[in-house]
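Right, one structure below, let's go through it.
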Amino acid sequence: MKESKAVETSYNQIVSDALRSLLYEVSVHPKPGLVDPISPGPHPDMTVFTFIDSSVSLRNYFAACVKEGQVFTGSDLKALFKNIRPIGVEAEKVMFQATHGVNTHKGAVFSLGILTTAEAYRLSSESDESLMNIVREMLHGLTDNDFKNVHRKTRDELTAGEREYLDYGVKGIRGEAEAGFPVVMTYALPILERSTAPINESLLDVLMSIVGHSIDTNLIKRAGSVDIIDWVKAQATQYFKLGGSATPQGMRFLEELNQIFLAKNLSLGGSADLLILTIFMGLRKNII
Ligand SMILES: CC(C)(COP(=O)(O)OP(=O)(O)OC[C@H]1O[C@@H](n2cnc3c(N)ncnc32)[C@H](O)[C@@H]1O)[C@@H](O)C(=O)NCCC(=O)NCCS
Ligand SMILES: Nc1ncnc2c1ncn2[C@@H]1O[C@H](COP(=O)(O)OP(=O)(O)OP(=O)(O)O)[C@@H](O)[C@H]1O
């Protein structure tokens, strides 16, 4: 294969891995509080097919992010993030068109857009920087910038994440991204690397590890209080105490937790988005 063809293929592979991570995430089951092929959970407005439509609609977006990362030659990576933010805002609109207004991947458009851009940049610049550090350089100052005027907005104008920042100081998706996705890079990915279980069971353990180590603003929004975080971390601890996906007790616990999330209308959307990123990293490292 000619050099240019090989190079093009390697960049196209980043796009394919991004789409695969979206489709793998929604396929994992039984995920508490989330849509999977068996049940929409506490999301009556979505099915697994909504997520398939959403994923396919985002191909051009991820290809645009990869292109931006591939051609970027500046020294200040904050400019690279600035280049892709408007592309992401447009991609959200494309996503909402594909889903008829349902929010399937708003968090993933942001987080996975950043990661695909960073991965393309790492490849093209032949940087020996870790992906985590490239992301941190791209997003330096993000939370200060995004939250600097939230106190001027009315309660109705605030998004869930902005409201929780004001109420609890929780930085949510922005704080996680600005730090280089530490929950993914330091907790979830090592769990995936060590797992010898079949892929669905491995990813259930990864999801529950993420739940035990992150502050999910989507969950707080659904519960109406930050107190839900301590409760959900205790559930993750109990799941692993029972052996996780490797034991019938662990799986029974997960099924019961699924019913509790349904009854209480709780969603783990942020944890699902971090699972998407972990799957993407697993695909990039040929772990899965
Ligand atoms: C940063 C964005 C996504 C935040 O939007 P918003 O305030 O509505 O989000 P909010 O904080 O309520 O959370 C959005 C979603 O993040 C996910 N999430 C919640 N908690 C977490 C967490 N701890 N870690 C990761 N994701 C999380 C959930 O799925 C949630 O639904 C938005 O402002 C934005 O910039 N969108 C444009 C897309 C974009 O910038 N793309 C360019 C690529 S960089
Ligand atoms: N498999 C999944 N099932 C459900 N939500 C998911 C899944 N994967 C990621 N998510 C994310 O979780 C969030 C879904 O939760 P929710 O429906 O509460 O969000 P929302 O649409 O912002 O809120 P609302 O429905 O109240 O307007 C979305 O941001 C979506 O991006």
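The values are calculated or read from the model by the stated rules, or taken from the named source; none is laboratory data. Note that this is a predicted model, so its numbers are computed, not measured. As a convention, Cβ positions derive from the backbone with ideal geometry for all residues, glycine included, and neighbour counts pool all protein chains shown. Heads up: the accessible areas ignore ligands, DNA and RNA and are worked out on the full protein's heavy atoms, side chains in. Shrake-Rupley method; radii C 1.70, N 1.55, O 1.52, S 1.80 Å.
Restricted to region 232-280, and to residues that are open to solvent by 10 Å² or more (accessible area, probe 1.4 Å) and among the aliphatic types (A, V, I, L, M), which residue is farthest from residue 29 (Cα to Cα)? Filtering region 232-280 for residues that are open to solvent by 10 Å² or more (accessible area, probe 1.4 Å) and among the aliphatic types (A, V, I, L, M), the one farthest from residue 29 (Cα to Cα) comes out as 234. Restricting the first member to region 120-149 and to residues that are closer than 16 Å to residue 85 by Cβ, and the second to residues that are open to solvent by less than 50 Å² (accessible area, probe 1.4 Å) and outside any helix (DSSP H, G or I), the beta-carbon pairs closer than 6 Å and six or more apart or on different chains are 121/72; 135/180; 137/77; 138/77. When every residue of region 218-226 is checked against the conditions, none turns out to be out of contact with any strand residue (DSSP E or B) (no Cβ under 8 Å at 6 or more places or on another chain) and more than 16 Å from ligand 1 (Cβ to nearest atom). Selection of region 30-53 for residues being more than 14 Å from ligand 1 (Cβ to nearest atom), touching a residue at least 40 places away in the same chain (Cβ under 8 Å) and part of a helix (DSSP H, G or I) yields 50, 53. Within region 158-194, being free of Cβ contacts under 8 Å to residues at least 24 places away in the same chain, surrounded by fewer than 17 Cβ atoms within 10 Å (Cβ to Cβ) and either within 15 Å of ligand 2 (Cβ to nearest atom) or farther than 15 Å from residue 225 by Cα (or both) holds for 158, 159, 186, 190, 194. Scanning region 114-132 for any residue that is open to solvent by less than 30 Å² (accessible area, probe 1.4 Å) and under 22 Å from residue 35 (Cβ atoms) turns up at least one such residue. Open to solvent by 30 Å² or more (accessible area, probe 1.4 Å), more than 30 Å from residue 80 (Cα to Cα) and of a type in the set (Val, Ile, Thr): is that true of residue 215 in this structure? Taking the combined requirement at face value, the residue does not satisfy it. Restricting attention to region 54-76, the residues that are assigned to a loop (DSSP other than H, G, I, E, B) and open to solvent by 10 Å² or more (accessible area, probe 1.4 Å) add up to 5.
Residues of region 12-25 that are out of contact with any Lys or Arg (no Cβ under 8 Å at 6 or more places or on another chain) and in contact (Cβ under 8 Å) with a residue 60 or more places away in the chain: 18, 20, 21, 22, 24, 25.
Closer than 26 Å to residue 41 by Cα, surrounded by 24 or more Cβ atoms within 10 Å (Cβ to Cβ) and more than 9 Å from ligand 1 (Cβ to nearest atom): is that true of residue 104 in this structure? In short, yes. Does region 263-288 hold any residues that are within 12 Å of ligand 2 (Cβ to nearest atom) and under 17 Å from residue 33 (Cα atoms), and which are they? Those that are within 12 Å of ligand 2 (Cβ to nearest atom) and under 17 Å from residue 33 (Cα atoms): 265, 266, 267, 268, 269, 270, 271, 272, 273, 274, 275, 276. Scanning region 81-109 for residues that are farther than 17 Å from residue 15 by Cβ, assigned to a helix (DSSP H, G or I) and among the hydrophobic types (A, V, I, L, M, F, W, C) yields a total of 3. From the list 154, 217, 237, the lone residue that is touching an Asp or Glu at 6+ places or on another chain (Cβ under 6 Å), polar (S, T, N, Q) and modelled with pLDDT of 95 or more is 217. Consider residue 119 carefully, then state whether it is under 19 Å from the mean Cα position of the chain (by Cα) and among the charged types (D, E, K, R). Spelling it out, residue 119 is indeed under 19 Å from the mean Cα position of the chain (by Cα) and among the charged types (D, E, K, R).
Considering only region 5-22, state which residues are farther than 14 Å from residue 273 by Cβ and open to solvent by less than 70 Å² (accessible area, probe 1.4 Å). Listed by number, the residues that qualify are 6, 7, 9, 10, 11, 14, 15, 16, 17, 19.
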